[in-house]
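Student: Can you keep this structure in mind? I'll have questions shortly.
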Amino acid sequence: MQEEVFSGPMLASDAASAPEAHEVSILDNKHVKSSYARWAPVYDFVFALVMRPGRKAVAAAGARPGGRVLDVGVGTGLELPMFDRRTKLIGIDLSEPMLRRAQRRVGAKALSNVEGLAAMDATRLAFPDSHFDAVVAPYVLTVVPEPEASLDELVRVAKPGGQIILVNHVGAASGPMAWIESMLARCSAELGWRPEFPWSILGDWIDSNPQVRLLERRRLAPFGLFTLARIEKL
Ligand SMILES: C[S@@+](CC[C@H](N)C(=O)[O-])C[C@H]1O[C@@H](n2cnc3c(N)ncnc32)[C@H](O)[C@@H]1O
């Protein structure tokens, strides 16, 4: 089924143009799309370096030589060249301007292991159940309007025994950083992410979901600013 949808690298826009049924007060798909349309031209310049350790960690943990991996919120595709080339990759993102840059990167770097890029909402993935050997989402959970619904979808499309690998900035619980994050949170819609995202969103979701267990939670460079979480689908 999925092979019919993705016969090669491509940019499909059906899902992205579907009505936004998942609006929340701080971020919604409309804000995410307009925000990343603005970020797309400068995204690599601003975010390539500082978030590189997290992408490398995701690519190392998510590589499945001979297997198929879904990259949710692939953005401009900065992480795609970091995967073992024997891992077949499919990338999805809500933002077409971001995806167009990812498509260019795939061509420029001759990433023949990238089987497809498609515009799609993380809460409504157009893939069958238990389809991927691993699902990765670097720097995405703090950006999606509905993190729990997105996580449910990531688990649905992962095979039993497969892993969901996430990297995010987890907000400080207290202190000056927590104050700065709460100030920045007022601009979430304009920024396109939630600076104050607490671990409890992910932790509570894991605790309440009998289908998953946390394998690893690890702070990453720079300065432990980001956290990698590896989750197994049971
Ligand atoms: C901070 S960027 C991360 C991009 C890339 N993974 C990286 O490491 O640079 C977050 C990406 O998530 C995408 N995104 C936000 N909400 C989404 C959703 N509901 N479904 C799919 N992608 C979404 C944004 O369009 C954006 O490209």
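The values are calculated or read from the model by the stated rules, or taken from the named source; none is laboratory data. The structure displayed is predicted, hence computed values, not measured ones. Cβ coordinates were reconstructed from backbone atoms using ideal geometry, including for glycine residues, and neighbour counts include every protein chain displayed.
Student: Only one of (1) within 14 Å of the ligand (Cβ to nearest atom); (2) surrounded by fewer than 22 Cβ atoms within 10 Å (Cβ to Cβ) fails for A108. Which number is that?
Tutor: (1)
Student: Here's a follow-up. Of a type in the set (G, A, S) and near the ligand (Cβ under 8 Å from one of its atoms): does that describe A137?
Tutor: yes
Student: Next question, about the same structure. For the stretch 176-197, which positions are at pLDDT 65 or above and within 17 Å of the chain's Cα centre (by Cα)?
Tutor: R194, P195, F197
Student: So M51 ticks every box in (1) surrounded by 18 or more Cβ atoms within 10 Å (Cβ to Cβ); (2) closer than 27 Å to G161 by Cα; (3) within 11 Å of the ligand (Cβ to nearest atom) but one. Which box is left unticked?
Tutor: The one condition M51 does not meet is (2).
Student: Let me ask something additional. Give the residues of the stretch 92-106 that are under 14 Å from P81 (Cα atoms) and in contact (Cβ under 8 Å) with a residue 12 or more places away in the chain, sorted by residue number.
Tutor: Of everything in the stretch 92-106, those that are under 14 Å from P81 (Cα atoms) and in contact (Cβ under 8 Å) with a residue 12 or more places away in the chain turn out to be R101, A102, Q103, R105, V106.
Student: So, in the stretch 54-79, exactly how many residues are assigned to a helix (DSSP H, G or I) and either touching a strand residue (DSSP E or B) at 6+ places or on another chain (Cβ under 7 Å) or away from the ligand (no atom under 11 Å from the Cβ) (or both)?
Tutor: Count: 7.
Student: Being within 7 Å of the ligand (Cβ to nearest atom) and more than 12 Å from the chain's Cα centre (by Cα): is that true of M82 here?
Tutor: no
Student: Can you report the number of residues in the stretch 154-168 which are crowded, with 21+ Cβ neighbours inside 10 Å and either among the small types (G, A, S) or within 12 Å of the chain's Cα centre (by Cα) (or both)?
Tutor: Qualifying residue count, the stretch 154-168: 8.
Student: For the stretch 207-229, which positions are in a strand (DSSP E or B) and over 13 Å from L166 (Cα atoms)?
Tutor: Residues satisfying the conditions are V212, R213.
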